[in-house]
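For reference, the structure is listed below as structure tokens.
What follows draws every value from the coordinates through simple rules; no lab data is involved. Bear in mind that the values here come from a model prediction, so they are computed numbers and not experimental data. Cβ: placed from backbone, ideal geometry, glycine included. Neighbour counts: every protein chain shown.
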Amino acid sequence: MKVRCSPDGREETGIWYHAAEKKLVIDMSRSTERKDVGYFAGPLDSYFERKNPRRTMEAPFELRPGEPLRLRVFMDKPMLEVFANDRQCVTQQVFPAARDALGIKVCARGGAARVCGGEAWDMAPARFVDARSGPAAAPGVLFEDTFDGKLAAGWTWLREHREAWRLSDGALEIRVEPGLADTVKNALLRKAPDRSRGKVAADLVVTFTTPPTNQYEQAGLTWYKKGKPVFKLVHEYIDGKTYIIPGRVPTATRTVELRLIVTADGFAAQFRPDARGEFQTAASGALLARSFAHCSRSSARSLGRRRNTMTHQPMPATSRAACTRMPEDGTDMARLIPGVALTPPVCRPLRGLGSG
């Protein structure tokens, strides 16, 4: 069969049982026309380094003599799960460009096949209850900060350098300074929400007010455990170009909106250039249970003589920093904040904080 088929036939993802080769296959060769999406084999580094491209996801499978093929296919946003006769499974994420790529087809190649029946249904959102933490929390804004004259309660500084940050015109401005992952200055932290109780999203807009020039200059979101960084979603300058990390997705704009979505056991790192249009997923994967303790907004750069500046200005116009517990049905986070106007951030140079 084929799933996630666009009406014009340009996009489709194939699900095949190859009788002669005795294998179950998901065929992604026509799954998307997006240029920013690729499929790669091997460990996670293969994705980051864009090597070992692949067109299929395969698993060994053989029907017994006279046994019919029974496929159970689950589609949950980009996730595709295929179960064959209750004894083999293949999974893959697919990202069609067309929003209406929702069609399903039944087909055969190299011979005839008889369809004995089929049904389709909508899956209800999963509602898990953890005996230790209780039922999943209701969707809503967990915290927000307008940066209007002072920091809201709940923030703490990691290695604060007071002369290199300030609040100005309703935004937090941080001067980029030399530092490595575990020595970065002026990381603004707050305790991360309990992700075992539901999906959580942190949203931030990062703007380079002057073009970065030093290797590994970056700004964005970092997750910490016991004061040490374990994961980051940043806009980073590498070898003369800027990228979204993780995923190493090239960017051509000074402004990007970053959104980090975490669940009890996974994450999705998303972005959108100029804080407009559809969110793109740079990377996704599994997380160790309860591995993250704090979330921060920070900026850093490698050693160098020139000092560049950045403005951290999260996207919602009525809140400068926000963390939201998201509904399981995929409702967009911005819709949970009544009256929020999603507008591009304003770029402002840092004045009065020294020169370099």
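Overview of values
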item: Protection proxy ranking of 99-106, 234-241 - average other beta-carbon atoms within 10 Å, highest first; result: 234-241, 99-106
item: Calculated FRET value between Arg109 and Val230, using beta carbons and R₀ = 45 Å, to 0.05; result: 0.45
item: Shape category assigned to the stretch 2-105 from the gyration tensor of Cα positions, a/c cut at 1.5; result: oblate
item: 5 angstrom amide H check on Phe40, placed H, neighbours 5+ away; result: Arg54
item: Interchain or long-range residues, amide H under 5 Å from Gly170's placed H; result: Gly149
item: Global geometry of the stretch 173-260, whether rounded, prolate or oblate, following the gyration tensor of its Cα atoms and the 1.5 cut on a/c; result: prolate
item: Karplus 3J(HN,Hα) series, Hz, for the stretch 14-31 with 6.51 cos²θ - 1.76 cosθ + 1.60 (x for Gly, Pro); result: x, 10, 10, 9, 8, 5, 5, 8, 6, 8, 9, 9, 9, 9, 9, 4, 10, 6
item: HN-Hα J in Hz across the stretch 250-255 - Karplus 6.51, -1.76, 1.60, θ = phi - 60°, x for Gly and Pro; result: x, 10, 10, 10, 6, 10
